[in-house]
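Data block below; observations after.
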Amino acid sequence: MSSGTEHEDRFRRIYAANFEALLAYAVRRVAQHEDAADVVAEVFLVAWRRARELPPDDEIRLWLYGVARRVLANHHRGGTRRERLGERLRQRLTGGTAPAAAGIADPGLEVPQRLAVRAALARLGDTDREVLTLTVWEGLQPREVAEVLGLSAAVVRTRLSRARTRLRELIGDDPQAPGHVFDVLTVPAPEEGR
Amino acid sequence: MTDEHLDRVVRDADPFRPELIGHLGGAEQTLLEEIMSVPQLESVPGPAPEAAPAAPRRRAWRRLATAVAAAAVVTGVIGASVLLRDQPPAEPWAGPVGLPEAGAGGGYQLDLKAVEGLPRLLIQQDGWKVTTVYGFASESGTINFVNGARSLEMTWYQDEHYDDYYKDRLLVSAPQPATVAGREAAVFTYSASDFAAMLKPQDGTFVELRTGGTWTRTEFDAVLPHIARADAETFLAALPPQIVTPGRVHDEAAKILTDVPMPPGFDINSVDVAGANDPYQFGAHVTGQVTCTWIAEWIRADKAGDDAAVKKAASALRSSRNWKVLNDMNAEGDYPEVLWEVAGKVAGGKVPEWYKDGLGC
């Protein structure tokens, strides 16, 4: 059995190596960016509490994504948490879109196109959309997507092909056409109390 | 638009901007310290009640999932059963574990048992055929019906997710009431030619129907009354012959493996393919298990210095290029390409680290 300090050191390493990826994962899938703070806090809290039994380093990120999926599902259901951590992070993320919150210029011309694509993504089936976004946004290989979603790699490949075909149909050859716009992919406005 | 172009368009629509990280003002470090000030769990308080029976080769991950379930009790966030599905296979590949005992009724009893817990909705109108089934034996799944250029996909989910999905669909359109298979349902309009209907939960699941191809609302409304819940036998009979159910796994495996060399000790009766699968999925499961076993044999022989066995395994793996089942599957997806790549590398003397994930070993 390794010492507590070793577990702490490893957890710090895991946190440092995966914080950005998990924040990005959460920001992409919540209605308000500040809610990503709750998701990230919850995911790493689960990892911290089980720091002695975590998977090896090369499997940890996919495992964290898997935990994040469950946390998000609970978040979407308006689930409550016993812990309230990450208040400062929440404040830093408060303010609407990520670029606005970060004071970053967001070229206006790009917005309609992005929103149109997000609207089209919102119209895919849930699993197809997650397969495609894990592939493109998180940069995962089909076998990794399969691990996160609990599917076989073969199913993921089929789903990915279908998702691309359907998305192509939805956005046509002109992704700039705004169409019916949703700014959020899967998530209703959270109802839990603040 | 090519896949690459499409992916680029999706990438451009990524809501996350990496620059955000630079504007957190140290909040991420504060969170780290907050988390690490929370007491850790020192021991795992027994198996989680939701934990599903695990195959032997997955035992290590089951332990971890149980541990995570224990953590979830504390934080109140996640369930064990879902985490259990996120397990990579543990080392080493020990061969297929086989299907559960079928009991006195043989394979058909397995099939009946497998569909018992499903919603079992069918479109009882001429012209509709089931083309694809995913899931089937798990907590959520999909069955796709096709009639000419139109299709209707039915996906079932655990009932605990109903509110989440319903709220999500409210973003699509206002719901309109309907009745489907005797259940109250809500129809959502994605576009003038694309509709969905979400049924209220029943027996632990809820079902969502979604159109494919071009529909009118009138056509959609006309089909809904023909959707009915079927008994297990009727449901099974409605599945097309190419869908391989648990009771037919061994016979079908034997058929597709006719021209495939069998690894030493490989028993077709131990082939392990859960649920109902279309030929592509089934072929991937079965050829994956054979190939994984050949790779395990190659590794064994290589370690033992058994040159004849290494050559035999390499030759068998190279022959995968000619396996009929893989060539039949090749137009439909990438699994054969992945298998051939792995098989070629192993036959060439190098076992890719990711082979188990790639093949689903």
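None of the figures in this text is laboratory data; all of them are computed from the coordinates on show. Note that the coordinates shown come from a computational prediction; the quantities given were computed from them, not determined experimentally. Every residue, glycine among them, receives a Cβ derived from its backbone with ideal geometry; neighbour counts consider all protein chains shown.
When +1 charges are put on Lys and Arg Cβ atoms and -1 charges on Asp and Glu Cβ atoms, the dipole computed for region B:224-361 relative to its Cα centre reaches about 380 debye. Taking θ as phi - 60° and the Karplus parameters 6.51, -1.76 and 1.60, the scalar couplings of region A:132-142 work out to 5, 6, 4, 6, 8, 7, 8, x, 8, 7, x Hz in sequence order, x denoting glycine and proline.
All other residues whose Cβ lies under 12 angstrom from that of B:H285 are scored, Lys and Arg at +1 and Asp and Glu at -1, for a net of -3. Extending 7 Å from the Cα toward the beta-carbon at both B:A237 and A:R10 defines two label points whose distance is 5.7 nm.
Taking other Cβ atoms within 10 Å as a rough exposure proxy, B:K324, B:K312, B:K303 sort from fewest to most as B:K303, B:K324, B:K312. 3J(HN,Hα) along region B:318-323, derived from phi through the Karplus expression 6.51 cos²θ - 1.76 cosθ + 1.60 where θ = phi - 60°, amounts to 4, 5, 4, 4, 9, 5 Hz, with x in place of Gly and Pro.
About the centre of its Cα atoms, region B:110-224 shows a dipole size close to 300 debye [charges on the beta carbon of Lys, Arg (+1) and Asp, Glu (-1) only; nearest 20 debye]. Separation of the alpha carbons by more than 22 angstrom is noted, of B:K312/B:K345; B:K129/B:K200; B:K113/B:K255; B:K303/B:K324; B:K312/B:K350; B:K129/B:K167, for B:K129/B:K200; B:K113/B:K255; B:K303/B:K324; B:K129/B:K167. Averaged over the residues of B:4-11, the number of partner chain Cβ atoms lying within 10 Å of the residue Cβ comes to 6. Backbone geometry of region B:268-275 corresponds, through the Karplus equation with coefficients 6.51, -1.76 and 1.60 at θ = phi - 60°, to 3J(HN,Hα) couplings of 4, 5, 9, 4, 10, 10, 7, x Hz, x marking Gly and Pro. Count Lys and Arg as plus one, Asp and Glu as minus one, and take only other residues whose Cβ is under 10 Å from that of B:Y190; the net charge is then +2.
For B:W354, A:W137, what ranking results if the residue with the fewest other Cβ atoms within 10 Å of its Cβ goes first?
Working: B:W354 13, A:W137 20.
Ascending Cβ contact count within 10 Å gives the list B:W354, A:W137.
Other protein chain C-beta atoms within 10 Å of residue C-beta, averaged over B:160-169: 5. With Cα atoms defining each centre, region A:136-169 and region A:1-52 are spaced 24 Å apart in the structure. For region B:311-361, the Cβ-based charge dipole about the Cα centre amounts to some 480 debye (Lys, Arg positive; Asp, Glu negative; other atoms uncharged).
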